[in-house]
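Below is one structure; the comments refer to it alone.
Computed from the coordinates by the stated procedures, all read-outs in this text should not be read as laboratory data. In this text, all values refer to a predicted model and were calculated from it rather than measured experimentally. Positions of Cβ are generated from backbone atoms using ideal geometry, with glycine treated the same way; all protein chains shown enter the neighbour counts.
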Amino acid sequence: MRDASKTIMLVEDDDVDVMNVKRAFKKNNITNPLYIANNGHEALAMLLGEGVEKVKPLPSVILLDINMPKMNGFDFLKQLRSDPDLKAISVFMLTTSNEQQDKLAAYQFNVAGYILKPVEATVFIDTIKLLKDYLTLIELPEFNSQNKC
């Protein structure tokens, strides 16, 4: 599946998890542009074009880990949801945390879903297939400064 207007950002500090996501994308024929940030601070800089080239178009979906250095997933979500140009981007938490408090906190920031990282590769590939289905079936707005959400 490829729709260049539907870019994806992965905010993940673990290189093995990044590799697993890329592998699962390949297995599911997800060829959308994928931007990778190592933490929330780096992701915001990429989304806002602060000190780095701005991601264009803005991602339709962000896959977000919770526990990262510099700026964790919740601090990132707080900043994302407070920005009029970024607040409507669909965010899926992709994390190992099965803590109820983390799930509640994520949904208070209006995440589209909370996905536990499976340990088994085949289960993870099937999990990422859900993202492909989401991007295929859901109509998402284009995000830019002219149509603030």
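Want the number for N110 to V18: 0.36 nm per residue separation, take away the alpha-carbon distance, what's left? Before the final figure, lay out each step's value.
Working: separation 92, 0.36 × 92 = 33.12 nm, distance 2.38 nm.
Between N110 and V18, full extension yields 30.7 nm more.
Taking the Cβ-Cβ separation of K54 and T96 as r and a Förster radius of 30 Å, what is the calculated FRET efficiency to the nearest 0.05?
After rounding to 0.05, the efficiency reads 0.50.
With each run of n ≥ 4 DSSP H residues scored as -39500 (n - 2.57), what mean residue ellipticity at 222 nm is computed for the chain after dividing by its residue count and rounding to the nearest 500 deg cm²/dmol?
-12000 deg cm²/dmol
Just grab the label-to-label distance for K26 and K103, each label 7 Å out from Cα along the Cβ direction, in nm (one decimal).
3.3
Using only the alpha carbons, work out the radius of gyration and Dmax of segment 20-78 in angstrom.
12.3, 34
Find the all-direction average of the projected area of the Cα convex hull for the chain, expressing the result in square nanometres with one decimal place.
Its Cα hull, projected and averaged over all orientations, spans 8.2 nm².
Taking a spot 7 Å from the Cα of A121 along the direction of its beta carbon, which residues of segment 14-28 have an amide N less than 18 Å from it?
15-28
Pull up the cross-link candidates among the lysines for K78, meaning alpha carbon to alpha carbon under 18 Å and not fewer than 8 places away within one chain.
K70, K87, K103, K148
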